[in-house]
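Presented below is the structure to which this report refers.
The values are calculated or read from the model by the stated rules, or taken from the named source; none is laboratory data. All values reported here derive from a predicted model rather than from experimental measurement. Neighbour counts are summed over all protein chains in view; Cβ atoms, including those assigned to glycine, are modelled from backbone coordinates with ideal geometry. For accessibility, only protein heavy atoms count, side chains too; no ligands or nucleic acids. Shrake-Rupley method; radii C 1.70, N 1.55, O 1.52, S 1.80 Å.
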Amino acid sequence: MAHAHPVKRYSGLMDWLTTVDHKKIGILYLIAGGFFFLVGGLEAILIRIQLWKPLNDFVAAHTFNELLTMHGTTMIFLAAMPMIFALMNAIIPLQIGARDVAFPFVNALGFWTFFAGGVLLNVSWFAGGAPDAGWTSYAPLATTTYSSGHGVDFYVIGLQIAGIGTLIGGINFLATIINMRAPGMSFMRMPMFTWAAFITSALILFAFPALTVGLVALMFDRLFGGNFFEVSNGGNAVLWEHIFWIFGHPEVYILILPAFGIISEVISTFSRKRLFGYSSMVFATVLIGFLGFMVWAHHMFTTGLGPVANALFSIATMLIAVPTGIKIFNWLFTMWGGSIKFTTANLFAVGFVPTFVMGGVTGVMLAAAPADFQYHDSYFVVAHFHYVIVGGLILGLFSGLYYWWPKMFGRVLNETIGKICFWTFFLGFHLTFFVQHFLGLMGMPRRVWTYLDGLGFNNLNLISTIGAFLMGIGTIAFLINVVVTSMKPRDAGNDPWEDGRTLEWSIPSPAPEYNFAQTPLVRGYDALWKEKMEGKSGMTPAEPLGSIHMPSPSILPFLMSVGLFIAGFGLMYADGKYDNSFVAFVFNNHIFAGFGLLITFACMFLRSVFDDHGFHIEPDELHDKGVKA
Amino acid sequence: MSNEHSATEEHAKRHKHEGPRKHIVAFIFSILLTVIAFAAVSAGEVNQSFIYIVLIVMAFLQVFIQMSFWMHMKDRGHIFPTVGIIFGIVIVFTMVIMAEYWAWW
Amino acid sequence: MSTHSHVDGQLPHEPEKATLEGRNKVLGFWLFLGGETVLFGTLFSAFLALRHQVGDGNPTSQELFELPTVALATFILLTSSLTSVFAIQAMHTNKVKAMIGWLIVTVLFGFGFLGLEIFEFNTYVHEGHKFTTSAFSTSFYTLVGFHGAHVLFGVIWISMLIAQVMKKGLNVVTAPKIYVAGMYWHFIDVVWVFIFTVVYLMGKVG
Amino acid sequence: MNRWHVLKRLMPLLAGMVLLLSACGRADLSTLRPQGPVAEEQFGLMKLTIIVMVLVVLVVFAIAVYVIIRFRRRPGDKTIPVQVEGNHKLEIIWTVIPIILLVILGVPTVKTVFGLAQDYTKDPKAIQVQVTAHQYWWEFNYPNLGVKTAQELLIPDDAVISVEAKTADVLHSFWIPSLAGKVDTNPGGNVNIMYFKAPKTGVYLGKCAELCGPSHSLMDFKVKVVDRKSFDRWVAAMKAPVALPADKDVADVLNNQCLSCHAIGANGGQLFPNLTGIGGREAVAGILVNTNDPKYANEGSVEHNLAKWIKDPQAVKPGTLMPKVELTDQQIDAIAKYLAGLKLDYETTK
Ligand code: HEA
Ligand code: HEA
Ligand code: CUA
Ligand SMILES: [Cu+2]
C-alpha cells in the first residue's frame, strides 16, 4: 500500500526554510529566540548603563523609553516564548513517543509568523523610532495623540503577527499531546515537562485571543480613527488595561510553567530519583493554570477599581502561592534521599528553586493591595518580575538547554565553561536584581530615564549595573560554550547522562528524522527508567518494523509569513505622505498591504488544493541504530 | 493512535441517532427560542431586567442545543472540546462581568 | 494509517475521523474554536463596556436598529446552520451529490446574510453612525464586522471545498475539511445568537 | 522537638532586619520611613508580609542547603536511591501551612483595603484637593478655598487631605512614598479618590509613577506640610493681588510671552502652572531644587534655576510642553529675578 511519492528533499538553506521537522523547527526557534535574547540583553545593558549614575545622559529620554519598551517586548515575546517553544518542539514529541507533531506544516507556519513579527518589530529601530509606551502600551500614551510616530504601530502589528504564530503553535502542541501519545502513555504517565507544555499551550490558546483583540482595537484606533481608547469620543483607557492583563497575567504563567517542567525533569534525573509527588505536581500545574485567569486585576490595584475588586483580586492572587509551594517542596523532597549530581544543568535547576521562591514571595507581597499602593510601578516590581522571569524562567531555560543539548545536537556542552557560565550569570543576577527591591522601597519609580542625585539611589544602581555586566559575561560564556562544543565530534550516546528516565533518552542523539523507528510501548511513569530497572536496555516496541510516513517539506509557511510581513508594513504606512506619487499610490490605497495578504491567502489556497501526500521511509533505509526486530 | 480503537467502536452507536428528524426538531426549537427573544423585545413596556434575563436564557438554551446536537458535543469522545469550550466560556464570563461592572464606576 | 487506504468507493462511516490526520484536524479545530470563544468574548466585553458611549447627537442603538432586518438575518443564518448539518449527514451516508447540494445552499444563505449586513451597515453610515463616530460605533462595527468577516471567510472557504470535492471526490482527505468547515459554520451561528441577543435585542431594550 | 524554639530565636533576627530596613532611604521619600498614618498602615502591612516571606524563604533555603550538602553524589557512586512516590502527610503539611500563612496575610489585607477606601470628599473638615496631572507637571486645585497652584502641594498638618485625582492627558500616578501609596490619574470623567494625613510639618517628595512620556522620570512634585495658621495665611496670600514687574519692558514681555499660558496672581491664564509664589517654592519645574548651597547638578539658587528653566525648558525636561521663548539673556535674567522675588510670606515659624 505504501507507494512512495517522489518528494523533493532540500539541503542547505532551503532545507531550513522548508523544513516541517519539529526538531529542526525547534532549532530554528532556538536560534531566533537566542538572537532576540541577545538583542533584548543588549537593550538591558544600555538601560543599566544609563542608570549607573544619577542624572546620566548616555541615551536621550525618548530613546530610553524605546529601549525599555523594546527590552520588555523583545524579551517576553521574542526571546522567552520562542526559547520555550524551542525546547517544546525539540522534546515533547520524543517524550510522548511520537514520530511527529500533530500539524507539522502549521508548526513551521507558527515559527515563521513569529519570526516575521519579531523582525517587523525590530525594524522599527531603523524606521523612525521604536515603540515607546512600555511593553504594556497603556492608552492614551499609546494612541496617536501622544505617540504620533510609527513606533507603536510596529508594536501593534509586529505583536499581532508574532501572536498568531504563538497561538497556532499552542494549538499544535495541545493536539499533539492529546492525540499523538504512544500506546500506554496515559495522561498520568506523561513526563512533567510534557504536562507543563500541555497546560502552557492551553493558557496560550485562551490568553492570546484576548491580546489579539486588544491589539486590533489599538490598531483600529491608531490607523482607522477608532474610538476604543479615545476618551474624548467615549472610549475608555482602563479597558485597555483590562484586556492587556487578561492576556498578560496568564502570559507570565505561560512563561514559568515550562520552566517548572524542565526543573522537574532535571532535578529528578540528576537525583536519580522519581519525581516526588507526581500527581500533586500535575494537580498544582493545572490549578496554577486555572487560577492564572482569575487574578489579572492585581496589576491594576492603583487604577481605582474600588475596594471590593481589590480585595477579591488580592485574595485570589495569594491563593496561587499554595500550588506553587507544593511544587517547590516536591522538588526539594525529590532531592531528599537522592544521589545528586551537580552537572551544569542541575546547578541551574538547583539554583532555580530558592531564587524562584524569592521572586514568588515578593509576588505575594505585591498581592496585598494596600501595600501594592506603595510597591506598584516602583523598582520593587522590577525586582519581583526579574526574580521570577530571569531567576525562574531563564535559569530554567539554561538548565533545559544544558540538559537536552545532546539530544538536540548530539554533543554534550562543555562542563567547565558551563560552570563558569552558571556562576557568573547566577551571581550577576542576584547582584543586579536583589538591590532593586530596596530601590523600589526607597521610592524609586520604574521606567525612569534618570534619577536625581542625593536621593540615596546611587550606590544600589551602580551595583545593579555591575551585576548586569556579569550576566552579560555569563551569557557570552554560554555562546563560547556553544562554539567550542560544536567543534567537537558528535559523540553523545542515547543516554549521555546515564540516568535518563524518559523516552527521549531511549533513542539516538540527535534523534533521527522519524524519532522512533518503532513506536515504543509505554508501561509506566518514567518509561525508560522502568525498563532499565527491569534490566532491559531499551523500550519494547509496540509495532513491527514498517515503512514510516513523513510529511513533505514546504516553502509555503515561509512565504505566508513574508506575506504577513508585507501586509503589516503596508498597513502601517498606508496614510503616509510620500514624495514619489507611485509609492504614494501603492501605499495609500492599501495596495501594498493587499499584495501581502494576497501572498498569504494564495499560499493557503495552494496548501488546501494540493494534498500533501508526504513520503515514506522504508525499513531498509532506517539506520540500524536503536532498531529491534 | 491511542484512541483509534475506541473511535471505531463508537461508530455504530452514534449512527443510529443520525436522522434528519432530530435536527429538524432542534432547528424548530432554535427558531422558537429566537422568536421568543425577538417577541420579548418587541412587546415593549416590560421590565427591562426581566427582558435581559429572558434574552440571556434564550441565548444560552439556543447555544446548548446547537452545540450538543449540531456540533456533536454531547457525543462521547468530545471531552477535550467540551473542556476547551467550557473553559473559554468561563473566561469570557469573568471578562464580561468585568466589562459591565468595573470598566466604569 | 495511510491516507489512501479508503479512497474509491468504500468510505468509512465517519470519514472525517478515519485517519489520524483527520482526527487531528477535528481536534485542532475544536481547540481553535475554544480560542475563538475568547476572541469573541473579548470583543463582546469591549462592546458591553462601551455600548452606552454614543456621544452627543449621534444615533443611539434604539434609534438605529431595525429588528425586522435582524430577524431576517437571524433566520437566514439559523437555516444555513441546518443545511450545513444536512450536508454533513449526506457526507456520512456517502451521498456526495446531496452533500454538495446542501453545501451550495449553505453558501447561498451565507451570501444572503452578508448582503443584508452590508445593506444594514450602509444604512447606518447614512444615518451618521460611522466607524469613527463614537466608542459605541467603533465597538459595534468591530464586533459585528468581525463576525461578518468570519462569515465571508466561511463562504469562500466552503465554496473552495465544494470545488475540491467536485474535482477530487469525497475521500478521507477531503472529508475532514468538510466536517471542520461545518463546525466553523455552526460556531459562527452560535456567535450570531449572542450578537443578536446582546447587540441588537439588548440594544433595543436600552 | 525544638522547632518553635528555633523560631523564637529567629524572631529578634527578623525584628532586627525590619529595623535595618527602616533605616533605608530618605525620610522624606522612602516607603520604609512613613511619616503619616496612611503610609504607616501600609508599612505595617509591608512589615507583616516581609516577615512571613523571610520565614518562607528561610525554610526553603534551609531545606535546600541541607539537601544539597547531605545528598550530593560521591564520585563513583552507583547506588540507586529508593524511588519514593510521595508522602501524603508531608504533602498535606505543605499545603496547609501556606494556607494558614495566607490567612494571616489575607485578613489584614482585606481590612486595610476597605480602611483606605474611605471617602472624605464630602467631609467639610477635610482639605479637598483636586489633583490634575499633566505631561509633566501637577496641578493642585483647592475647590473650597478658591486657590490653584502647581508643583507644590501645600497642606496643613492637622487635617485629612482628601484627593480627587484625574489627568488632562495620558495616565500618570500620584505618589508620595513617605505619606501614602499611589493612585493612578485616569482621563475623562473617571476620577479616583484617596486620602492621607501628614501630621509632621516639613517637605516631602512626590513622584509620578506611571510611564507618561520622555520626562516621566522628571515629573516630581513636593508636598509641603505647614501648621494651620501658616496654611490659612498661605491661602490668603495666594489670593492677594501680585504686582507685575516695575520695568515696563519686562512686564510687557512677561505679559505677552508668558502670561498667555501662566497665571501670576490675578493676571494671565490658568491652563498651565500657576506661578504665584514661585520664588518661595522648593523647586522649579519640580526638579531644579532651590538652595543656596548647591551640591548636585540639579540644584541652584531660585534665580539661577528659573533662568536655566526659561532659557531652555527642553534641556531640563525633554518633551515638556513649555516652549523655548525667544528672549535675550537680559530679559531672561530680568524675568528670573522678578519671578524669584515672588515669595509669599506665610510661614509663621520662619
Ligand atoms: C514568570 C513570570 C511571573 C511569575 C511566575 C509571577 C508570579 C507571581 N506574581 Fe508576578 N509579575 C510578573 C511576572 C511573574 N509573576 C511580571 C512580568 C510583572 C510586571 C508586569 C509589568 O507591570 O510590567 C508582575 C507583577 C506582579 C504584580 C503587580 C505588581 C504591580 O505592578 O503593582 C503582582 C501583584 O499581585 C504579582 C504577583 C505575583 C504572584 C502572587 C505570583 C505567584 O505566582 C508566585 C507564587 C510563588 C511563591 C509564593 C513561592 C513559592 C511558594 C512557597 C514556598 C509556599 C509558601 C509561600 C507562602 C505562603 C507565601 N506580580
Ligand atoms: C523574559 C523577560 C526578561 C528578561 C530575560 C530580562 C532580562 C534583563 N532585564 Fe528586564 N525587563 C523585562 C523582561 C525581561 N528582562 C520586562 C517585561 C521589563 C519591563 C519593561 C517595561 O517597563 O515596559 C523589564 C525591565 C527592565 C528594567 C527596568 C527598566 C525601567 O523600568 O526603567 C531593567 C533595569 O535594570 C531591566 C534589566 C534587565 C537585565 C539587566 C536583564 C539581564 O538578565 C539580561 C542578560 C542578558 C545579557 C546581558 C545579554 C547577553 C550578552 C550580549 C548581548 C553581548 C553584549 C553584552 C556585554 C558586552 C555585557 N529590565
Ligand atoms: Cu507623569 Cu509619569
Ligand atoms: Cu500578574
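Taken over region A:447-460, residues that are out of contact with any Pro (no Cβ under 8 Å at 6 or more places or on another chain) and more than 8 Å from chain D (Cβ to nearest Cβ) amount to 2. Here the condition is being touching a helix residue (DSSP H, G or I) at 6+ places or on another chain (Cβ under 7 Å), of a type in the set (G, A, S) and free of Cβ contacts under 8 Å to residues at least 12 places away in the same chain; of A:G306, A:G234, A:G289, it holds for A:G234 alone. Residues that are at pLDDT 90 or above, within 41 Å of the chain's Cα centre (by Cα) and part of a helix (DSSP H, G or I) do not occur anywhere in region D:16-28. Residues in region A:42-84 that are open to solvent by less than 10 Å² (accessible area, probe 1.4 Å), among the hydrophobic types (A, V, I, L, M, F, W, C) and touching a Gly at 6+ places or on another chain (Cβ under 6 Å): A:L78, A:A79. Inside region D:245-267, residues that are open to solvent by 50 Å² or more (accessible area, probe 1.4 Å) and either part of a strand (DSSP E or B) or within 16 Å of D:H134 (Cα to Cα) (or both) make up a count of 0. Across region A:290-311, the qualifying residues are those that are facing chain D (nearest Cβ under 9 Å) and more than 19 Å from D:A165 (Cα to Cα), and the one among them that is farthest from the chain's Cα centre (by Cα) is A:V308.
Scanning region A:410-428 for residues that are open to solvent by 60 Å² or more (accessible area, probe 1.4 Å) and among the β-branched types (V, I, T) gives A:T416, A:I420. Of everything in region A:431-446 that is part of a loop (DSSP other than H, G, I, E, B) and facing chain D (nearest Cβ under 7 Å), the residue that is surrounded by the most Cβ atoms within 10 Å (Cβ to Cβ) is A:G443.
Can you find even one residue in region A:227-240 that is open to solvent by less than 10 Å² (accessible area, probe 1.4 Å), at pLDDT below 95 and either within 16 Å of ligand 2 (Cβ to nearest atom) or of a type in the set (S, T, Y) (or both)? Looking through region A:227-240, at least one residue is open to solvent by less than 10 Å² (accessible area, probe 1.4 Å), at pLDDT below 95 and either within 16 Å of ligand 2 (Cβ to nearest atom) or of a type in the set (S, T, Y) (or both).
Within region A:537-550, being open to solvent by 30 Å² or more (accessible area, probe 1.4 Å) and within 18 Å of C:T19 (Cα to Cα) holds for A:E543, A:S547, A:H549.
Give me a count of the residues in region D:200-211 that are hydrophobic (A, V, I, L, M, F, W, C) and either more than 13 Å from ligand 2 (Cβ to nearest atom) or assigned by TED's automatic domain parsing to the domain that holds D:E299 (or both). Quick ask: steps written out before the conclusion?
In the first step, residues of region D:200-211 are kept if they are hydrophobic (A, V, I, L, M, F, W, C); the result is D:203, D:205, D:208-209, D:211.
Cutting the leftovers down to either more than 13 Å from ligand 2 (Cβ to nearest atom) or assigned by TED's automatic domain parsing to the domain that holds D:E299 (or both) gives us D:203, D:205, D:208.
Number of matching residues: 3.
In the set (1) buried (at least 24 other Cβ atoms within 10 Å of the Cβ); (2) not in a helix (DSSP H, G or I), the condition left unmet by A:M88 is number (2). Please work out if C:G101 is under 17 Å from the mean Cα position of the chain (by Cα) and part of a helix (DSSP H, G or I). Criteria not met by C:G101. Among the residues making up region A:265-275, a single one is of a type outside the set (V, I, T) and either away from every other protein chain (no Cβ under 13 Å) or within 8 Å of ligand 1 (Cβ to nearest atom) (or both): A:E265.
Residues considered: A:G474, A:G456. Of these, the only one that is under 27 Å from the mean Cα position of the chain (by Cα), surrounded by fewer than 23 Cβ atoms within 10 Å (Cβ to Cβ) and more than 30 Å from A:K532 (Cβ to Cβ) is A:G474. Within region A:312-332, the set of residues being open to solvent by 10 Å² or more (accessible area, probe 1.4 Å) and farther than 30 Å from D:N87 by Cβ comprises A:L312, A:F313. Among residues of region D:115-143 that are under 30 Å from D:Q314 (Cβ atoms), those with a Cβ under 6 angstrom from a residue that is charged (D, E, K, R) and away from ligand 3 (no atom under 16 Å from the Cβ), sequence gap 6+ or separate chain, pair up as D:Q130/D:E164; D:N141/D:K148. Confirm whether A:F373 is over 24 Å from the mean Cα position of the chain (by Cα), at the interface with chain D (Cβ under 7 Å from one of its Cβ atoms) and either crowded, with 21+ Cβ neighbours inside 10 Å or more than 16 Å from ligand 3 (Cβ to nearest atom) (or both). It is true that A:F373 is over 24 Å from the mean Cα position of the chain (by Cα), at the interface with chain D (Cβ under 7 Å from one of its Cβ atoms) and either crowded, with 21+ Cβ neighbours inside 10 Å or more than 16 Å from ligand 3 (Cβ to nearest atom) (or both). Considered as a group, the residues in region A:534-588 that are among the polar types (S, T, N, Q) and in a loop (DSSP other than H, G, I, E, B) include one that is modelled with the highest pLDDT, and that residue is A:S554.
Annotation for region A:210-219: at least one member residue is open to solvent by less than 10 Å² (accessible area, probe 1.4 Å), touching a residue at least 60 places away in the same chain (Cβ under 8 Å) and within 13 Å of chain C (Cβ to nearest Cβ). The combined condition, being closer than 16 Å to A:I263 by Cα and either more than 16 Å from ligand 3 (Cβ to nearest atom) or outside any helix (DSSP H, G or I) (or both), is not fulfilled by A:G428. The set of residues in region D:51-86 being more than 7 Å from chain A (Cβ to nearest Cβ) and closer than 25 Å to A:V361 by Cα consists of D:I51, D:V52, D:V54, D:L55, D:L58, D:V59, D:A62, D:V65, D:Y66, D:I69. Please work out which residue is nearest to A:Y138 (Cα to Cα), limiting yourself to region D:175-190 and to residues that are within 15 Å of ligand 1 (Cβ to nearest atom) and not charged (D, E, K, R). So, considering only residues that are within 15 Å of ligand 1 (Cβ to nearest atom) and not charged (D, E, K, R), the one nearest to A:Y138 (Cα to Cα) is D:V183. For region A:235-247, state whether one or more residues are β-branched (V, I, T) and more than 8 Å from chain C (Cβ to nearest Cβ). Yes, there is a match, as at least one residue in region A:235-247 is β-branched (V, I, T) and more than 8 Å from chain C (Cβ to nearest Cβ). The C-beta contact set for region D:211-222 (first residue small (G, A, S), second residue within 14 Å of ligand 2 (Cβ to nearest atom), distance under 6 angstrom, 6+ apart or interchain) comprises D:S217/A:V448; D:S217/A:W449; D:S217/A:T450. Scanning region A:579-607 for residues that are closer than 20 Å to A:D21 by Cα and open to solvent by less than 40 Å² (accessible area, probe 1.4 Å) gives a single hit, A:C603. Restricting A:L203, A:L257 to those that are within 16 Å of ligand 4 (Cβ to nearest atom), within 12 Å of chain C (Cβ to nearest Cβ) and open to solvent by less than 10 Å² (accessible area, probe 1.4 Å) reduces the list to A:L203. Looking at the structure I just gave you, is A:L55 away from chain D (no Cβ under 14 Å) and either away from ligand 3 (no atom under 16 Å from the Cβ) or over 30 Å from A:I263 (Cβ atoms) (or both)? When the stated conditions are applied, A:L55 does not pass them. Restricting A:M294, A:M318 to residues that are among the hydrophobic types (A, V, I, L, M, F, W, C), assigned by the TED database to the domain that holds A:D377 and either within 16 Å of ligand 3 (Cβ to nearest atom) or closer than 20 Å to D:M53 by Cβ (or both) narrows the list to A:M318.
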